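The values are calculated or read from the model by the stated rules, or taken from the named source; none is laboratory data. Predicted, not measured: the structure shown is a model, and the values here were computed from it. With ideal geometry, Cβ positions are generated from the backbone for all residues, glycine too; neighbour counts draw on all protein chains shown.
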């Protein structure tokens, strides 16, 4: 029985060293990519690690290197396909590169965001990815003290010393509205959320730009920007917000032949209102959402949308962050994400049973 337990135990650093014919210090240097190691020795050690299935002790490594093989990730929520897809890209790419991910959500305001970052500091994260921080500059710097590097998606780093990924929200809003104009719509409404949201403000700016280029003014009567959905049951609340917003527009204003909605779930709610009230889509009303969530292709009619490469965005964030972790003085990096129009039945296209995934491998440019 003892022999069986011995055979089943997890391999150790000593086992690797003995099998490779090197010292434990040499194995440690190979694992941590430290010091001068001959290529042949490095290859031999890595082959033994793979053969034995050796897993380095991440906590011990963190003590030795004053860091860890853990990446922190702070998102507003994961109860939304937009953020869940980003998180999936982060986790998959981190695992590929030998890192683990510690996820924390920041729903509920600035105080919760600061607490989430504080928890990650306690885990000695090697770097941090955040999304659309609402902390002011001083609070941001205070919250992220002793954490470097930091990458922010959809937000600037105070002092422009960090790593930034900018989703193309303004360009996406422009493309969506332009598409509605190109299919002959002139009374185009906008359904979004509160004015203090960066995610909404950029999309609305793109909507305004497209209308102005077409010689049209923004009609406040068909613009509705409400408070964001509460985090309790957010999917239902987002869809309900679209249903109620379109109801208000139609009941109060009537004349509406197109609408750009700032996220797909809210656009689905708008479709539900149209169907309940016998509005023909797209003949009576054409609708474009934003985000590229796969649920949009399952609707009847299926939803035209602005697709964002969410999974690739998360994976790219990890690649940039890990490159910065390996540098003593990481250079500031800004990456812009290009949105893509996905035309489906809600604006006169086809159902698109294959979905938007094919285009999500494109559109990332530095």
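At a glance:
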{"read-out": "Of residues in region 249-265 being part of a helix (DSSP H, G or I) and touching a strand residue (DSSP E or B) at 6+ places or on another chain (Cβ under 6 Å), the one nearest to residue 200 (Cα to Cα)", "value": "264"}
{"read-out": "Some residue of region 96-119 being at pLDDT 85 or above, assigned to a helix (DSSP H, G or I) and within 24 Å of residue 327 (Cα to Cα)", "value": "yes"}
{"read-out": "Any hit, region 287-310, residues being in a helix (DSSP H, G or I), modelled with pLDDT of 90 or more and more than 20 Å from residue 84 (Cα to Cα)", "value": "no"}
